[in-house]
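The values are calculated or read from the model by the stated rules, or taken from the named source; none is laboratory data. As the structure is a computational prediction, the values presented were derived from the model and not from experiment. With ideal geometry, Cβ positions are generated from the backbone for all residues, glycine too; neighbour counts draw on all protein chains shown.
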């Protein structure tokens, strides 16, 4: 993995974070991934960074305590922290109306959390490709 690519994984579910990290590691992508357990932690961290230190991708769970994915996405937009960051929603369920709202509010796309490790690998590769494209 290019050392300057950064991906932030924001999910309150420790097992879901673990599975996604294992998928990244399996693909040889184990550097540059930072984890947060809620949106408030993410916002605080982003607010402390200069824009040239922002990640290329934020993987944002929808159903979280403190700030859910939609509230976090809105907060990122309000604070103007997302100009160069791609943000994807990653959740157990998202209906078409929610997906449209997320995209309207700045999310690149929405992904349903997989139930198999092979699907985790596919999604991890997609996430890395998005980050890599954003980096170039």
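Any chance region 19-40 includes a residue that's more than 15 Å from residue 107 (Cα to Cα) and free of Cβ contacts under 8 Å to residues at least 24 places away in the same chain?
Yes, region 19-40 contains at least one residue that is more than 15 Å from residue 107 (Cα to Cα) and free of Cβ contacts under 8 Å to residues at least 24 places away in the same chain.
Please go through region 99-127 and pick out each residue that is touching a helix residue (DSSP H, G or I) at 6+ places or on another chain (Cβ under 8 Å), free of Cβ contacts under 8 Å to residues at least 60 places away in the same chain, under 16 Å from residue 57 (Cα atoms) and in a helix (DSSP H, G or I).
Across region 99-127, the qualifying residue is only 102.
Could you please find all residues in region 1-18 being touching a residue at least 60 places away in the same chain (Cβ under 8 Å) and part of a helix (DSSP H, G or I)?
16
Of the residues that sit in region 79-98 and are within 11 Å of the chain's Cα centre (by Cα) and touching a residue at least 40 places away in the same chain (Cβ under 8 Å), which one is nearest to residue 53 (Cα to Cα)?
Here the residue is 85.
Can you name the residue in region 80-98 that is assigned to a loop (DSSP other than H, G, I, E, B) and under 20 Å from residue 37 (Cα atoms) and, of all such residues, is modelled with the lowest pLDDT? Write out each step before concluding.
Keep residues of region 80-98 that are assigned to a loop (DSSP other than H, G, I, E, B), which gives 80-85, 92-95.
Pick out the ones that are also under 20 Å from residue 37 (Cα atoms) and you get 81-82, 85, 92-94.
Details: 81: 73, 82: 68, 85: 91, 92: 93, 93: 91, 94: 91.
My answer is 82.
Within region 50-70, does at least one residue satisfy the condition of being touching a strand residue (DSSP E or B) at 6+ places or on another chain (Cβ under 9 Å) and modelled with pLDDT under 90?
Within region 50-70, none of the residues are touching a strand residue (DSSP E or B) at 6+ places or on another chain (Cβ under 9 Å) and modelled with pLDDT under 90.
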